[in-house]
Structures are given as C-alpha cells and as structure tokens.
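Just so it is clear, none of the values below were taken in a lab; they were calculated from the coordinates. All of these numbers come straight from a predicted model, not from anything done at the bench. When we count neighbours, we look across all protein chains shown, and the Cβ atoms used for this are built from the backbone with ideal geometry, even at glycine.
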Amino acid sequence: GPAGPRLPLEGVWRMKKRVLTIFLVAALAGGLCLLGWRGLERARGAADYSEAQQIAGVEPPEEEPAHSSAEEPDPYAAALADVDLEALQAVNSDVLGWISIPDTELSYPILQAADNQYYLNHTWKQERNPRGSIFMECTNSPDFAQFNTILYGHRMNNDSMFGTLKYYSNLDFWREHPSVYIVNGTGVHRYDIFAAHEVGVRDIVYRLDLEESGLREDFLAFCREKSVLDTGIAPQAEDQVLMLSTCVDSSSQSPIRWVVLAVLSE
C-alpha cells in the first residue's frame, strides 16, 4: 500500500538524526576539552610566575610610593632591592632581570634568548605555554646599557604579562603608575614613562641601529609626536630608554603594536 515505502524513509531520517546528534555531542565534547586544556595552560602559566615571585622573594612595599630623593627613599625600589636573581638564574640561566610596575599585575622575570621566537611561547621555566615570557630583544645588550632597550610580552586578556600596558592610553592611569622598575645585576633602576602610542613593526622605534645611524633624536621626536600621553617628560639623546612592546589586541597577527616608553631616572 502507499504507507509501505515510508518506513525505510523514516528509518533513514532516524539514522541521520542519530548521526547528527552524535556529531553535535562530539563537537561539544571537543570544544569543552579545548577550553579545559586552555584553562589548564593558563593555570600552569600563572603557577610558573607565582613560583618565580616566591623564588625571587618579591614583596610589595609597606608604604605608599614616592620618587627617590635624599630625604624620602623610594619604597618600591627598597622593596625590590632584595630580589634574588641568582635563585632564578639557578633555574634558568636566561633570566637577566626583573620588571615591575607597582600596583599592577606586571611583575615578572625578564628573559633573553638567542632569538625572539623562543620566549613567545615558553615560560621562564622553559615550559611551552601560550602565555610566554617577558623577554628582551635578542640583539640588545643584556645590561640595559644601549640607548633603546626593547622588552616584549603578550597582551593577555586578564591583564597578565603586558596586558597592563593598554591602560597607558589614559592619562590618569599614567599619573597613578608613572614608573617602571627594573632589577638587574647592578641593582634597582627606575624608568619614568614619557610616551605611549601605536606603531608599525617597521617604524623607527624598532630600528636596532639608532646609535650607529645617529637616529636617537629622530626616535625621540617620533615618540613625542605619536604619544597619546602628554607627560611633560622630554628625554635627551644621551639618555637610556626602555621600550615595552606588545600587541594592540590579544592576537599577534596585526602589524600594529602598542608601545610604552620610559627613560632611566637619575
């Protein structure tokens, strides 16, 4: 009769429905596994850097910040004076310093490798992780003695690593966090932030021959012109600059970067 052929057709639809259900469940399970794995990676990366702070003995200051002077020493510099770089270097000899912006998430060891790729996806303990590390341009002198020393780090969505830097588009944030502290083999050094802006990866700020080519003045003029901050700080060609470089968003695909520049304080 006319109803006979419908039974196989209904069976086909039931089979298709089962297959679709299995596919959707598998896709959901795969997505949850991926989210779980990424969450585990984030947790492992955070644990690595929490351990770094413990090993280094990084402690917050016991009083409000004050720029160093003969009468009133800088409490942030004092709090960082006992950072144990040797203990960190015993774990990884690529550690060359510590960077901190007080009262922010930014407090990490500084690494330097033979290239600029390794620490993009390895923590300071050399464990593979998308969080990566804060690391120095591989051609820079590890003693921070060049005119422009470049540090790289990922812009993480949770403000870790160099995620804090995005807030320097706001003058009030700069007023509350005006300085970057670097600890290295010669002690604690304060760098005062003077500019923040977007740049292209081929712009002058990434040139590695500024001193040899006599381009230091051009570099400073470029930064003054581009800066979204009016800090009133005007570095000179004989000064030492620290440039913190990160992406403009959580992806590194764009050729545009966000940089925060600071000058070594006397």
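Each label point was placed 7 Å from the Cα along the Cα-to-Cβ direction; for residue 212 and residue 91 their separation is 3.6 nm. For region 169-178, putting each phi into the Karplus relation 6.51 cos²θ - 1.76 cosθ + 1.60 with θ = phi - 60° gives couplings of 7, 10, 5, 5, 5, 4, 4, 7, 9, x Hz, in residue order, rounded to whole numbers and with x for Gly and Pro. Which of 244, 254, 233 sits closest to the plus end of the dipole of region 199-258, meaning its Cα is farthest towards the positive end, when Lys and Arg get +1 and Asp and Glu get -1 on the C-beta? Sorting the options by dipole projection puts first 254. Note on region 128-150 and region 73-117: Cα centroid distance 12 Å, given to the nearest whole angstrom. Dipole magnitude for region 176-266: about 260 debye, using +1 per Lys or Arg Cβ and -1 per Asp or Glu Cβ, origin at the Cα centre.
For region 103-117, 3J(HN,Hα) computed residue by residue from phi via the Karplus equation (6.51, -1.76, 1.60; θ = phi - 60°) reads 6, 9, 6, 7, 7, 8, x, 10, 10, 8, 10, 6, 9, 9, 9 Hz, glycine and proline entered as x. Karplus-derived 3J(HN,Hα) values for region 52-60, using 6.51 cos²θ - 1.76 cosθ + 1.60 with θ = phi - 60°, are 4, 5, 5, 5, 6, x, 6, 10, x Hz; glycine and proline are entered as x.
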